[in-house]
1. Scan region 15-26 and give yes if some residue there is over 23 Å from P142 (Cβ atoms), in contact with a strand residue (DSSP E or B) (Cβ under 8 Å, 6 or more places away or on another chain) and surrounded by fewer than 16 Cβ atoms within 10 Å (Cβ to Cβ), otherwise no.
2. From the list I257, I266, I272, exactly one residue is open to solvent by less than 20 Å² (accessible area, probe 1.4 Å), farther than 21 Å from H454 by Cα and either at pLDDT below 95 or out of contact with any Lys or Arg (no Cβ under 9 Å at 6 or more places or on another chain) (or both). Which is it?
3. Which residue is farthest from G502 (Cα to Cα), if the candidates are limited to region 680-692 and must be part of a loop (DSSP other than H, G, I, E, B) and open to solvent by less than 30 Å² (accessible area, probe 1.4 Å)?
4. State whether the residues of region 672-679 include one that is within 15 Å of A553 (Cα to Cα), modelled with pLDDT of 95 or more and outside any strand (DSSP E or B).
5. For D541, are the conditions met, namely being assigned to a loop (DSSP other than H, G, I, E, B), more than 19 Å from G349 (Cα to Cα) and open to solvent by 10 Å² or more (accessible area, probe 1.4 Å)?
6. Given the conditions (1) within 30 Å of M562 (Cα to Cα); (2) among the polar types (S, T, N, Q); (3) touching a Pro at 6+ places or on another chain (Cβ under 7 Å), which single one is not true for N90?
7. If you take the residues in region 634-650 that are exposed (fewer than 13 other Cβ atoms within 10 Å of the Cβ) and small (G, A, S), which one is farthest from N504 (Cα to Cα)?
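The values are calculated or read from the model by the stated rules, or taken from the named source; none is laboratory data. Just so we're clear, the structure is a prediction, and the values are computed from it rather than from any experiment. For neighbour counting, all protein chains shown are included, and Cβ atoms are generated from backbone atoms with ideal geometry for every residue, glycine included. Accessible surface areas use protein heavy atoms only, side chains included; no ligands, DNA or RNA. Shrake-Rupley method; radii C 1.70, N 1.55, O 1.52, S 1.80 Å.
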Amino acid sequence: MPAVISMTAATITSPNGSIVLNVDVNSVGEPYYNLSYKDKPVIIDSKLGLAAKEAKFTDQFKILSTDTASFNETWQPVWGEFSEIVNHYNQLEVNLENSNGLLMTVCFRVFDDGMGFRYEFPLQDKANYLAVLDEVTEFNMPANNTMWVIPGDYDTDEYLFTETRISDVTDALKKYNGVHSESQREKELESTVQTPLLMKSDDGLYINVHEAALIGYPAMQLDVDTTTYSLKSHLTPDKLGVRGYLQLPFNTPWRTIIVSDDARDILASQLILNLNEPSKIEDTSWIKPMKFIGVWWEMFTGRQKTWAYSDDYRAKPGVTDYTKLKPNGRHPANTENVKKYIDFAAKHGIDAVLVEGWNEGWEDWASYRKNRQFLFDKPYPDFDLPYLRDYAKEKGVKLVMHHETAANALDYERQLDKAFQFMKDNNYDAVKTGYVGAIIPRSEHHTSQGMVDHAQYVIEKAAEYEIMIDSHEAPRPTGLIRTYPNWLAQESARGGEFESMGGNPPSHTALLPFTRLKGGPMDYTPGLFQTDLSYYGEGKDGKAMTTLARQLALYLTMPSPMQMAADLPENYERFPDAFQFIEDVPVEWRDSKYLEAEPAQYITVARLDKNSDDWYIGAITDDTPREAVIDLSFLPAGEKFIATIYADAPDADWETNPQAYTIKKVNVNNKTKLKQKLARGGGAAIRLQPVK
């Protein structure tokens, strides 16, 4: 293995030699590292360490010893972008001791596409219970890179990205002033950004900084020094100011750096998954990826629909028998309406139907703090669960449960066994969870250690009941889908629901795969066909910044094993030929090829169906029309395919003509290069079927 080791410094390279890592301690015993890619600096000298109330693991260190190893395996995920993933790295463990006798190992794994490292704390002769105050991990940049940032926030990541230079981050984040949670100080976070963070250097390197295997520890953000171009770890504290509570021995999450001079490599990287442990679920046969529709979008579109069954709760705050409350007539989670969704799903081969607002407690979003409580085994009077359960089963359709907790994590944990047993008794095997609001207990934030622990508890408990999870308002994903493949999807970013609340610019979904999706798939909710909200009347205005064809392409560029067809059934029935693509497109893949990519501008990707020889292609662009050049050389040589192309019409435009699309068929092979016009905010989706 290419490695040079000494007792004062260590150097190790990636398996192909393109990445070089150096580790040493400086004159005051502070550990540090630097990293280069193809002889270009990626990270210049950057400190390592952690400080707790009881002990400082930051300085006065010497290197006791180093250990190296190489590892190369190919493993099979339960689902994902690839049916096989290569996990190949060189490992360096640097064993340190400081003048107070404290021990710390920094474990580095260097891959061809980047590097991960973590702190490993063995049992100490002194402090073994640590209240973490700070992690001094640095990612110091050699130059004033371009960054795509969202503000550091302990409670939400549902922001649009801003493109800025490192030197201008503080000014760029001023636009978000006033949007942080009430308990957060603007000054503390004025130059703090969230991960996954994407950067591009002037010499052509793409750099993604994030973390992997976030367990028993707070989520990491990054403090930016706009003068020195230094990025420093910023752990989410609880509301008492403590960053984390550790009992040794303990390994922190991995800090990850993905790097390449080709943007497509950032999208294809499986480094974060590789740094997670293999599946802890021995029998995964019950984990079934799915497409679903749901009683959801009609509550966003201005039709005066509501999650709540009654408006009578203010007049009768003490009444808990909902049959004694007057229904408001605007509650779509009712038997007849859900039955229509089940019929539509059965007709079009959609696996499941999500129903939001089915259970008691929606009359007050602050229900846990006032008069009402969400109950996860109590349907509203107008939701005949036994009937719908049996009707869905008869039609071959699953129902997806919804658990909104109003951020009362403790009460949800108290109800969890009863709630999951209720699901199993009624033929549910998947649930969408939500945590809207300030966290209870009030000493926690959405990304502090307490809520990270809560998310872990829920996913492990769900596995006991063989239940799949789609979590919203949860800590950002860090590749734990490998360890717990029943964690099918998360929100944890600004998703498609915002198309009804100001919209997402086309650049947003051309950037999420470089940032948020590096931790795991997102429940983005694509598939909107009716993008002009004035269509719904009742004073609703605004437009989703997308063409219809782009919405089809998102099923490829935003891959997820739990994909929603988010629009209303009646809107799909208006465009049955376009909806055919949503019916056909898989959610599990055997292989993926990123053909074109530039952050926030465009992505073109091809994916091979896991269960057939069909390929699917998605191409999207930002607010600038462009021509996608789709090189089909990845197709098997000598074989012919029929390409069905769903594309923007010549006059399509997200603002003026979003529903203009064309569908055509052409013959192609591995020598074909398709040149496909993409409209402003547009896209194209293609199905390639072998000619038998």
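1. no
2. On inspection, the qualifying residue turns out to be I257.
3. Within region 680-692, the subset part of a loop (DSSP other than H, G, I, E, B) is 680-682, 691-692.
Now drop any that are not open to solvent by less than 30 Å² (accessible area, probe 1.4 Å), which leaves 681-682.
Working: G681: 15, G682: 18 Å.
Ranking the qualifying residues of region 680-692, first place goes to G682.
4. Yes; the residues of region 672-679 include at least one that is within 15 Å of A553 (Cα to Cα), modelled with pLDDT of 95 or more and outside any strand (DSSP E or B).
5. Working: assigned to a loop (DSSP other than H, G, I, E, B): yes; more than 19 Å from G349 (Cα to Cα): yes; open to solvent by 10 Å² or more (accessible area, probe 1.4 Å): yes.
The answer is yes for D541.
6. (1)
7. The extreme case among them is G638.
Per-residue answers, yes or no, for (1) out of contact with any helix residue (DSSP H, G or I) (no Cβ under 7 Å at 6 or more places or on another chain); (2) of a type in the set (G, A, S):
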position	(1), (2)
F376	no, no
L385	yes, no
V397	no, no
A409	no, yes
K418	yes, no
V431	no, no
